[in-house]
1. Compute the signed sum of charges (Lys and Arg +1, Asp and Glu -1) over the other residues within less than 13 Å, Cβ to Cβ, of ALA29.
2. Please rank LYS27, LYS42, fewest neighbouring Cβ atoms within 10 Å first, as an exposure proxy.
3. How much net charge surrounds ALA52 when only other residues with a Cβ under 14 Å from its Cβ are counted (Lys, Arg +1; Asp, Glu -1)?
4. Can you tally the net charge around VAL17? Count Lys and Arg as +1, Asp and Glu as -1, for every other residue whose Cβ sits under 14 Å from the Cβ of VAL17.
Amino acid sequence: MAANSISLGGLARRLVVDELLDGDAVKEASEQAQKDRTPFVKHLVDRELVSAIDIANALAEMHWSLSQERQEMLYNKKPFFRLRKMSKAVAN
């Protein structure tokens, strides 16, 4: 199965983008973790598929990326919406 035919989200997608695992390996690890009733991250670290440090770095990058997107949305792209929301709060 080709990696681009697998739908990935969150950490799994980040691990593939960062080339820490390929799409098939992520899918396989996810399925096995579900069968074992083990958290995905614990499964990856216990099986030494990805180091805990690499996972922490990937999560930090994801958080930073999301924070930047939120800041842009709130402060640069949608100032009218923010002001309208603030004026409603003041009116109440």
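1. Result for the local shell: -3.
2. On the way: LYS27 18, LYS42 12.
The order, fewest Cβ neighbours first, is LYS42, LYS27.
3. Charge balance near ALA52 sits at -1.
4. After counting each charged neighbour, the total is -3.
Read the figures in this text as sums done on the coordinates, not as results from a lab. In this text, all values refer to a predicted model and were calculated from it rather than measured experimentally. Neighbour counts are summed over all protein chains in view; Cβ atoms, including those assigned to glycine, are modelled from backbone coordinates with ideal geometry.
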